[in-house]
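**Q** Let me begin by handing over the structure; questions about it come next.
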Amino acid sequence: MTSAATSAVNPTTPEVEPTRLPLIGDRAPDFEAQSTHGPVRLADYAGRWLVLFSHPADFTPVCTTEFVAFAELAEEFAARDVALLGNSVDSVHSHLAWTRAIEDRLGVTIPFPIIADLDTRVSRAYGMLHPNASATAAVRAVFVIDPESVVRAILYYPMNAGRMVPEILRLVDALQTADRDGVSCPANWRPGDDVLLGAPKTQAEVEARLADERLKLVDWYLASLPGRGA
């Protein structure tokens, strides 16, 4: 059978370009979309921190509990100059009906906008659609974007496991503390805990480290300083 005949019998399926997830350190993909608070753009958040998060669908159990959790900590995020912005492949009308139902049934007002991503532009730009999970519903993605519109942290959760919203707040605290003080935050760190210094890179830095009485020194490469609140 000729190659032409083979093509006729088995037509080549066009390759689907894989979704590229933004990486830590990338500039956050720009967007302009409709939301429950009117038009929103990435540029609207320039100069402040942004937590952009997606959910699979309105009127679903896990998503409802997550939105309640975000709403309950919204003032804590705002105190750190962090904006919250939700996103899913649902209409504005669906979002509005859902948030009204949350307020009516659970007594919780959703204070932040939710993008109506019916054309999936935001979901695709941020790699929120995972074909093996669903071709049309976004997974539970979280992007922490800094005031320079740079992606600083990324979290992904499956559809059947809700996010720990206090951990997202703690992550923001860690990023802001690291930026402010030029330090790193250890495992299980919380605001006020000790912070870590980077490992010395020269013999002179090692000697200076060993002589620094401010430090809690475990070894020449592992040193901490008393922390302070976020």
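The values are calculated or read from the model by the stated rules, or taken from the named source; none is laboratory data. None of these values were measured; they are calculated from a predicted model. Reconstructed Cβ throughout: ideal geometry from the backbone, glycine too, with neighbour counts over all protein chains shown.
**Q** Check A79, A101, A135 and return the single one that is of a type in the set (A, V, I, L, M), at negative phi, modelled with pLDDT under 95 and more than 17 Å from the chain's Cα centre (by Cα).
**A** A135
**Q** For segment 185-197, how many residues meet the condition of being surrounded by 14 or more Cβ atoms within 10 Å (Cβ to Cβ) and within 19 Å of the chain's Cα centre (by Cα)?
**A** Number satisfying all stated conditions: 2.
**Q** Within the group L169, L196, L155, L210, which residue is among the hydrophobic types (A, V, I, L, M, F, W, C) and touching a Cys at 6+ places or on another chain (Cβ under 9 Å)?
**A** L196
**Q** Now, a different point. Restricting to segment 159-174, count the residues that are surrounded by fewer than 16 Cβ atoms within 10 Å (Cβ to Cβ) and either of a type in the set (D, E, K, R) or in contact with a strand residue (DSSP E or B) (Cβ under 7 Å, 6 or more places away or on another chain) (or both).
**A** Going through segment 159-174 one residue at a time, the tally reaches 1.
**Q** Restricting attention to segment 103-137, report how many residues are closer than 24 Å to D44 by Cβ and either out of contact with any Gly (no Cβ under 6 Å at 6 or more places or on another chain) or assigned to a helix (DSSP H, G or I) (or both).
**A** 20
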